[in-house]
1. Given the peptides 218-229, 71-82, arrange them by the average over their residues of other C-beta atoms within 10 Å, most packed first.
2. Ranked highest first by average number of other Cβ atoms within 10 Å, how do 28-36, 301-309 line up?
3. Radius of gyration and Dmax for the chain's Cα atoms, expressed in Å?
4. So how do 83-94, 106-117, 342-353 stack up, highest first, on mean other-Cβ count within 10 Å?
5. Relative contact order of segment 212-310: what whole-number percent is it, with Cα pairs under 8 angstrom and at least 6 residues apart?
6. Run down the aspartates and glutamates and flag those whose C-alpha is under 16 Å from the C-alpha of Lys278, throwing out any fewer than 8 positions away in its chain.
7. Dipole of segment 262-416, Cα-centred, from +1 at each Lys and Arg C-beta and -1 at each Asp and Glu C-beta, to the nearest 20 debye?
8. Run the simple label-point estimate for Lys332 and Glu179 please: 7 Å along Cα→C-beta, distance reported in nm.
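Values quoted throughout were computed directly from the atomic coordinates according to the rules given, and no laboratory measurement underlies them. Quick caveat, the model's predicted, so the values are computed rather than measured. Neighbour counts are summed over all protein chains in view; Cβ atoms, including those assigned to glycine, are modelled from backbone coordinates with ideal geometry.
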Amino acid sequence: MAINKFLLFALTFQLLLILHVSSESSLITPKKFLELAKSPEVFDWMVRIRRKLHENPELGFEEFETSKLIRSELDLLGVKFRYPVAVTGVVGYIGTGEAPFVALRADMDALPMQEAVEWEHKSKVPGKMHACGHDGHVAMLLGAAKMLQEHRHDLQGTVVLIFQPAEEVFAGAKKMIEEGALKHVEAIFGIHLANWIPLGKTASLAGSILAGSGFFEAVITGKGGHAAIPQHTIDPVIAASSVVLSLQHLVSRETDPLDSKVVTVSKVHGGGTLRAFKGFSQLQQRVKEVITMQATVNRCNASVNLTPEGKESVPPTVNDMNLHKQFKNMVKDLLGEESFVEASPLMGGEDFSNFAEAIPGHFSFLGMQDDTKSYASFHSSLYRVNEDALPYGAAIHASMAVQYLRDSNKGSRDEL
Ligand SMILES: [Zn+2]
Ligand SMILES: [Zn+2]
């Protein structure tokens, strides 16, 4: 009798143990991802990668070493990937290899500027700097990859990791789409580090979060001569001055005051930038017309290039309503009610918009400002990443992917 009781107890204990273990592995909650992302195993590893990338910044479509580092880390994790996609881009796959497919995106490129921050891991390349936090974005996505790979058997579909080149010139996302990076993918998420949001908080909104954005370069030609005899010259400086003033009327006189548009002439020896949430291509057309007509009025010739130095324009970044709802709930679950901030639309542009135009997408900002208020705005030579934000980014990426796959009711089971 005593033996039977012992056997019964042992069987019950084993059963409980099995139940406990299986519930542990299937319940990969956002909170567990955050704990894991903050553990030295993941956090220190992400910091090491981010610092290595920061020391060796590479510009758009030149991210060869960055891409190599990503691939070697994916290899070590046992994550399968496609390479090259859009010259230096990498697309990794974790999970069943079957539908549904959800993508997470990080951009890899740096900016052509000199770092002014003096620290141990300062850029080693003169005139190049990670001043937009893309080194942090890569580290966060690799962090997510590491955690997702550990839980790959629990994924109810496939997570697609998109490491994208050339965001700063608005050309990388488009090329990745052309080369099939979104094949089978039904939703995509992107995160950008932000210095105006407190550490551990995140901001986004449903609908347009970033403006359509583009560049222009105008060359106005006149006829040179002595300043004392202007009647024998055709002065392009006067024509350029008229152009600058007339371009301002496109916003003040041709735009609904309730709409947002920006036309900035940022250099007189060069060109400027255009930004709008609505009517972006009409704005480009009007800029062209104003410049060429004003030049003609002043007896000069003008040519306008809307893609100077290969820089493309991008549409507005529009967040999908349903993905936004899912995102907001997940963030509140992960970080608490107060952690989600409703964002205001920004006039900045992002080529994530190309992904979000092709399939439903969601773009959000991740806070990194602390009490020191010492984190400068992106594209500043004083820009720094608060590395304490990296675990939040990795956990948000991983949690969103898991939740999306779990919630997804769309069922076509396409093979990879
Ligand atoms: Zn940037
Ligand atoms: Zn950026």
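1. In descending order of packing, they fall as 71-82, 218-229.
2. By packing density, highest mean first, the sequence is 28-36, 301-309.
3. Both quantities, over Cα of the chain: 25.4, 120 Å.
4. Result, highest mean Cβ count within 10 Å first: 83-94, 106-117, 342-353.
5. Rounded, it is 45 percent for segment 212-310.
6. List returned: Glu254, Asp256, Asp259, Glu350, Glu357.
7. So the magnitude is around 740 debye.
8. The answer from the label model is 4.1 nm.
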